[in-house]
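Reviewing the structure listed below.
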Amino acid sequence: MESKYVLPGSKIVPPLETPVGNVGLSICYDMRFPELSLALTKMGADLLTFPSAFTFATGAAHWETLLRARAIENQCYVVAAAQTGAHNKKRTSWGHAMVIDPWGTVIAQCSEGANMVTAEIDLQLLKSVRESMPLWKHRRNDLYPKMTQTDSSSSSHYQESYQFGQVVVKSDSVFYKTSLTFAFTNKKCVVPGRIL
């Protein structure tokens with residue numbers, strides 16, 4: 001919904017140096033893209049922030065799982081402020097602001113409604129977690145050196161189009177392709193769900 005009226009940024013802001021470590025800045029929807037958290041961690045982040053406004057449905061299903069995953073896979077603290085409460089008949093925010101340590105343990109969490117919690121950011125624990133499980137040393141950068149970049153050969157499929165009679169079929173409609181044929185969805189189908 002927000003993408004209809006909010007423009008995405010054009011660069012990743014480097015982590016900010018603070019007395020509690022280097023803080024990587026991101027927001028709400030960003031937590032669904034692990035590459036951003038990884039990039040911030042590679043830039044030196046010790047703590048990742050995600051001020052958010054998850055809906056009640058997405059919050060109940062994904063909120064804690066995504067935040068704990070970002071903490072564990074990046075071995076960082078995660079601090080997630082969260083909007084809470086009913087805004088109108090159709091929209092209620094999940095809330096449940098929390099702080100998660102680099103091991104993935106929720107060390108502070110708000111209860112229902114407006115609230116505030118504090119937590120200790122222990123840089124020695126961060127160092128200990130990173131030393132006891134040295135993910136950065138074991139990471140296979142030879143296999144995935146630049147995860148967020150694709151080569152032109154793998155992205156060329158998304159730029160192709162195909163002639164089907166007098167109709168041009170864009171590649172985002174094609175779900176199966178061989179050297180001899182392709183199958184695509186009919187976006188203006190006469191019979192719902194019919195595949196051409």
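Readers should treat all values here as calculations from the given coordinates under stated rules, not as data from a laboratory. Small disclaimer: the values here were computed from a predicted structure and weren't measured. Methodologically, a virtual Cβ is constructed for each residue, glycine included, from the backbone with ideal geometry; neighbour enumeration extends over all protein chains shown.
A 19 angstrom limit on the alpha carbon distance is what I want to check against. Which of Lys11/Lys42; Lys11/Lys137; Lys4/Lys42 exceed it? Don't skip to the answer; put the middle values down first.
Values: Lys11/Lys42 15 Å; Lys11/Lys137 26 Å; Lys4/Lys42 31 Å.
Violating the 19 Å Cα-Cα cut-off are Lys11/Lys137; Lys4/Lys42.
Give me Arg91, Arg140, Arg130 sorted ascending by neighbouring Cβ count inside 10 Å, so fewest comes first. Don't skip to the answer; put the middle values down first.
Values: Arg91 12, Arg140 7, Arg130 17.
Fewest-to-most ranking of Arg91, Arg140, Arg130: Arg140, Arg91, Arg130.
Please tell me the relative contact order of the range 2-138 in percent, rounded to the nearest whole number, where contacts are Cα pairs under 8 Å and at least six residues apart.
Numbers: 244 pairs, mean separation 24.2, N = 137.
Worked out over the range 2-138, it gives 18 percent.
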